[in-house]
Amino acid sequence: MPRTLSPSRVIARFAVRLVLLMGFAAFGSVGFGRSLAVLLWMSIVLCALASLVRREPLFGAALNHWDEAVAFGALFALVSTSSLIRPDRHSSGFMTFL
């Protein structure tokens, strides 16, 4: 049985990870949006792997790595669609894609 953390600690862990991801994305050479999208995708995979290794329940009553993966997935969808809509400033009018 995996050890469950309090919801406030899980939310704090998610917030710290998100701030770190945004910090690393700020220094990405391909732009903030694309860097953040890639880092969020990586976080989805890593949170899913962590939950599999720890054998956390998918629909458990307590917050766990599965819930973090879903939250990172929602942010990834938001960032990737906003970068699809916004034209790149270096392109000649074409839309930028991931």
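Derivation of every value follows stated rules applied to the coordinates shown; laboratory data play no part. Just so we're clear, the structure is a prediction, and the values are computed from it rather than from any experiment. Cβ sites come from the backbone with ideal geometry, for glycine too, and all protein chains shown count toward neighbours.
Values computed for the structure shown
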| read-out | value |
| --- | --- |
| Peptides ranked, highest mean first, by Cβ atoms within 10 Å: ranges 56-63, 14-21, 34-41, 73-80 | 34-41, 73-80, 14-21, 56-63 |
| Inter-label distance, nm, simple model (7 Å from Cα along the C-beta direction), Arg55/Ala74 | 3.0 |
| Contour excess over end-to-end distance, with Cα ends at Phe27 and Thr81 and 0.36 nm allotted per residue | 17.3 nm |
| The stretch 1-58 shape via C-alpha gyration tensor axes, a/c threshold 1.5 | oblate |
